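> Shown below is the structure under consideration.
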Amino acid sequence: MGSYLQRFDATPAEGRWPLVRGWVFNEPLPFFAELREERPILVMNELTLVTRFADCTQVLQRYDTFSVALYQPKQGSYWMAQDDTAEHWREKSIMRAILDREDIPAIRNYVADKAAALLGAAGGAMDAVAGLTRAVPLALVQDWFGFTHSDPAKLCKWSYWNQIDAFWNQPFDAIAWADPNKIVTERELANVEMAAYLVGLVAVREGELKLGLKHDDSVARLLMLSSSGAVKFDLPRVILNIGGLLIGAVETTSHAVVNALATLMERPELLAQARAAALSDDPAAVDGFVFEALRFKPAFPYFFRVCEQDTVLGLGEDYAAPIAKGTTVLAVTHSAMFDPHALSEPDDFNPTRGPDNQFTFGLGLHACLGRAIGGVMIPEIVRQSLRLNGLKTGPVDQKGGPVPEAWQWQWS
């Protein structure tokens, strides 16, 4: 038995999850390798970890058995907090349609220009989180999605507290916070402010559309669809989904960009290769480096689900384990992306690996709505950063929390 599991077994039950949580974030790859080999399903009082590719895939695809019930206290009636319901089916389809895939090349060009402009105006030094990795998606929300006459600082605050509460302040996260309820309060206050802005935005945009003033952004597309009466999609649902565009766009993009860049900067030889790709004439040449870096350090190491009926994971394997109804299950996709049963030579950094067998944008019914946009925005921000001469960075500062909050850069 390996050293991690020896320490785990020697620890009293109430101390095991805090111990494991530290390994998940601070020593992930050796810890996950031991689990996959010796105990692929790790059972604790608070939750169960699933670490092999096949089992993680099963958890994320079997929405009838493994639900997103933990989203509901944070997200209410938003379709993302539902599984296979009529609202989920209809509204995710609507949002996919208005985020037109034909726009993706233009979005990449927009991101390239915005990132280059921000870096060019910075004078050789910036806090990259505030000045770039959050600033670019905030600009996209304003200019492309249609959040006109908005304050970027407020947009950032609304997105931030919703993300922190929904994804990093679940019951099993309580050990990480001095006061989890304070985060709930911050999210609730943010949503009051956001709702007031969105109601005003929709009212103004509706008036403009009635006057014949044309817009071609996400807000306008949703309003035109709603007013047509072609589908069941009233103004409260429009407003809820507009808010979802903001919440989903900013913090996850920032986190992914920081993790990808930080991973490359830890490997000088790979950094040089990635920089050469970024300086080439092909904008997509850097993409493989970025998404392989995110395999090594994803923004989310796991996705959480609730078991809705007694079941068995690892069926047919010697490690098969019963999962009781009500169990919180973490599909540890960071581990799954290093499973040798699913990936060849998983410990090697291979920028030609491609997107297969990766979980950067999730999997199944709840795969990321903005996958196509994130698929160009994240690598393009990285690309523009790698084109800087003599870039030197300090440590990424998470300020004791789960996401990057500051990162000081200097360049020639």
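> Go through (1) under 20 Å from A299 (Cα atoms); (2) surrounded by 14 or more Cβ atoms within 10 Å (Cβ to Cβ) and name the single condition P40 misses.
So P40 meets the others, but not (1).
> While we're here: Being under 21 Å from the mean Cα position of the chain (by Cα), among the basic types (K, R), modelled with pLDDT of 95 or more and outside any helix (DSSP H, G or I), is that true of even one residue in segment 128-139?
Within segment 128-139, one or more residues are under 21 Å from the mean Cα position of the chain (by Cα), among the basic types (K, R), modelled with pLDDT of 95 or more and outside any helix (DSSP H, G or I).
> Could you check how many residues of segment 385-411 are among the polar types (S, T, N, Q), surrounded by fewer than 17 Cβ atoms within 10 Å (Cβ to Cβ) and closer than 15 Å to A122 by Cβ?
Selection size over segment 385-411: 4.
> Within segment 357-375, which residues are closer than 14 Å to L60 by Cα and not in a loop (DSSP other than H, G, I, E, B)?
Those that are closer than 14 Å to L60 by Cα and not in a loop (DSSP other than H, G, I, E, B): G364, L365, H366.
> To continue, here is another question. Out of all the residues in segment 236-294, which are of a type in the set (A, V, I, L, M, F, W, C), surrounded by fewer than 22 Cβ atoms within 10 Å (Cβ to Cβ), out of contact with any Ser or Thr (no Cβ under 9 Å at 6 or more places or on another chain) and under 28 Å from D143 (Cα atoms)?
I239, L279, A284, A285
> If you take just the strands (runs of 3 or more DSSP E) that sit entirely in segment 261-323, which of them hold at least 2 residues that are in contact with a Lys or Arg (Cβ under 9 Å, 6 or more places away or on another chain), at pLDDT below 95 and on the phi < 0 side of the Ramachandran plot?
So the answer is none; nothing clears 2.
> What are the residues in segment 144-177 that are without any contact (Cβ under 8 Å) to a residue 60 or more places away in the chain, of a type in the set (A, V, I, L, M, F, W, C) and in contact with a helix residue (DSSP H, G or I) (Cβ under 8 Å, 6 or more places away or on another chain), if any?
Of everything in segment 144-177, those that are without any contact (Cβ under 8 Å) to a residue 60 or more places away in the chain, of a type in the set (A, V, I, L, M, F, W, C) and in contact with a helix residue (DSSP H, G or I) (Cβ under 8 Å, 6 or more places away or on another chain) turn out to be W161, A174, W177.
> Listed residues V24, V59; which is in a helix (DSSP H, G or I) and surrounded by 21 or more Cβ atoms within 10 Å (Cβ to Cβ)?
Every option except V59 fails the conditions.
Table: residues versus (1) touching a residue at least 40 places away in the same chain (Cβ under 8 Å); (2) among the small types (G, A, S).
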position	(1), (2)
D281	no, no
G288	yes, yes
E292	yes, no
Y302	yes, no
T327	yes, no
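> Right, another one. For R187, are the conditions met, namely being in contact (Cβ under 8 Å) with a residue 12 or more places away in the chain, under 30 Å from T327 (Cα atoms), surrounded by 13 or more Cβ atoms within 10 Å (Cβ to Cβ) and charged (D, E, K, R)?
Working: in contact (Cβ under 8 Å) with a residue 12 or more places away in the chain: yes; under 30 Å from T327 (Cα atoms): yes; surrounded by 13 or more Cβ atoms within 10 Å (Cβ to Cβ): yes; charged (D, E, K, R): yes.
Judged against the criteria, R187 is a match.
> Could you tell me whether any residue of segment 341-356 is in contact (Cβ under 8 Å) with a residue 60 or more places away in the chain, surrounded by 12 or more Cβ atoms within 10 Å (Cβ to Cβ), in a strand (DSSP E or B) and small (G, A, S)?
No, segment 341-356 contains no residue that is in contact (Cβ under 8 Å) with a residue 60 or more places away in the chain, surrounded by 12 or more Cβ atoms within 10 Å (Cβ to Cβ), in a strand (DSSP E or B) and small (G, A, S).
> Now a separate question. In segment 335-369, what count of residues is obtained for those that are within 18 Å of V43 (Cα to Cα) and not aliphatic (A, V, I, L, M)?
Number satisfying all stated conditions: 1.
> Anything in segment 6-20 that is farther than 17 Å from P30 by Cα, among the aliphatic types (A, V, I, L, M) and within 32 Å of the chain's Cα centre (by Cα)? List them, or say none.
A13
Table: residues versus (1) under 14 Å from I98 (Cα atoms); (2) acidic (D, E).
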site	(1), (2)
L213	no, no
S218	yes, no
L222	yes, no
K232	no, no
N241	yes, no
L245	yes, no
E251	no, yes
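The values are calculated or read from the model by the stated rules, or taken from the named source; none is laboratory data. Bear in mind that the values here come from a model prediction, so they are computed numbers and not experimental data. Because the Cβ atoms are built from the backbone with ideal geometry, glycine has one as well, and the counts that use them run over all protein chains shown.
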